[in-house]
Amino acid sequence: MLVEEIMKKDVFTLRSDQTVQDVLDLFEEKRIRHAPIVDDGKVVGIVTDRDLKDAMPSMFTVSPKGEPYKKKVSEIMTKNPMIAHPLDFVEEIALLFYEQKIGCLPVVSQNELVGFLTETDLLYTYIELTGAHQPGSQIEIKVPNRSGALYEVSKVFYEHKVNVLSVLVYPDREDNSNKILASRIKTMNPISIIEDLRKEGFDVLWPNLMQE
């Protein structure tokens with residue numbers, strides 16, 4: 001999946017010569033928490049709700065009440081932010097969010113802002129890809145870390161004529177000779193499937209139904 005498929009294309013921007021009051025007004029009116037700063041068509045920074053909070057006056061301030069709100073965006077923004085390209089892979093950008101601990105990225109093509117991506121967009125994408133928003137059941141299975149294991153599990157699903165919404169594979173933290181398959185299937189009653197998986201010798205971790 002590409003960034004252009006999930007990015008916001010209608011982006012609210014600010015200029016570096018605007019004020020903290022302008023940021024506050026925009027965030028409240030549009031109910032957003034991040035905005036790219038664009039001067040002469042070029043992305044020069046990002047301002048976030050955290051930047052805004054840090055710039056806001058303390059309730060114990062002794063300075064004139066209006067002064068902090070007149071501060072320029074250029075004084076509080078993060079300058080020269082990292083950017084994404086519309087043809088970047090979402091998986092790579094998600095890793096960038098994770099490693100750099102960032103909450104948003106401007107999306108730039110040919111030096112022009114074409115979109116904006118936030119951690120919320122990534123979360124919604126994850127939910128859609130895993131099928132978590134659709135009715136169904138999740139089954140977690142411990143399998144040997146070898147080729148063919150996913151096929152053997154899928155064969156049980158096929159025999160039950162049940163659709164597989166998504167499959168995630170991740171390491172077994174206790175034993176690296178195993179993998180965990182987290183499958184979401186389109187059925188609300190997976191009991192017979194779980195029984196057959198166990199008959200095939202698979203260790204079903206979830207749902208952890210009592211065995212006779």
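The values are calculated or read from the model by the stated rules, or taken from the named source; none is laboratory data. Just so it is clear, the structure is predicted and the values come from calculations on it, not from any experiment. For neighbour counting, all protein chains shown are included, and Cβ atoms are generated from backbone atoms with ideal geometry for every residue, glycine included. Only protein heavy atoms, including side chains, enter the accessible area calculation; ligands, DNA and RNA are left aside. Shrake-Rupley method; radii C 1.70, N 1.55, O 1.52, S 1.80 Å.
Would you point out the residue of the range 1-35, among those that are without any contact (Cβ under 8 Å) to a residue 24 or more places away in the chain and farther than 19 Å from GLY115 by Cβ, that is least open to solvent (accessible area, probe 1.4 Å)?
In this case the residue turns out to be ASP25.
So, in the range 1-59, how many residues would count as being acidic (Asp, Glu) and outside any helix (DSSP H, G or I)? Walk me through it before giving the result.
Start the filter on the range 1-59 by keeping residues that are acidic (Asp, Glu), which leaves 4-5, 10, 17, 22, 25, 28-29, 39-40, 49, 51, 54.
Narrowing the set further to residues that are outside any helix (DSSP H, G or I) leaves 10, 17, 39-40.
So the count comes out to 4.
Might you let me know whether the range 71-78 holds any residue that is modelled with pLDDT of 95 or more, touching a Gly at 6+ places or on another chain (Cβ under 7 Å) and of a type in the set (Ser, Thr, Tyr)? It would help to see each step written out before you state the result.
Filtering the range 71-78 down to residues modelled with pLDDT of 95 or more leaves 72-78.
Going one step further and asking which of them are touching a Gly at 6+ places or on another chain (Cβ under 7 Å), we end up with 77-78.
Remaining after also requiring of a type in the set (Ser, Thr, Tyr): 78.
Looking through the range 71-78, at least one residue is modelled with pLDDT of 95 or more, touching a Gly at 6+ places or on another chain (Cβ under 7 Å) and of a type in the set (Ser, Thr, Tyr).
May I ask you to verify whether LEU181 is aliphatic (A, V, I, L, M), modelled with pLDDT under 95, buried (at least 17 other Cβ atoms within 10 Å of the Cβ) and within 24 Å of HIS133 (Cβ to Cβ)? Let's see the steps before the verdict.
On the way: aliphatic (A, V, I, L, M): yes; modelled with pLDDT under 95: no; buried (at least 17 other Cβ atoms within 10 Å of the Cβ): yes; within 24 Å of HIS133 (Cβ to Cβ): yes.
No; evaluated as a whole, the condition is false for this residue.
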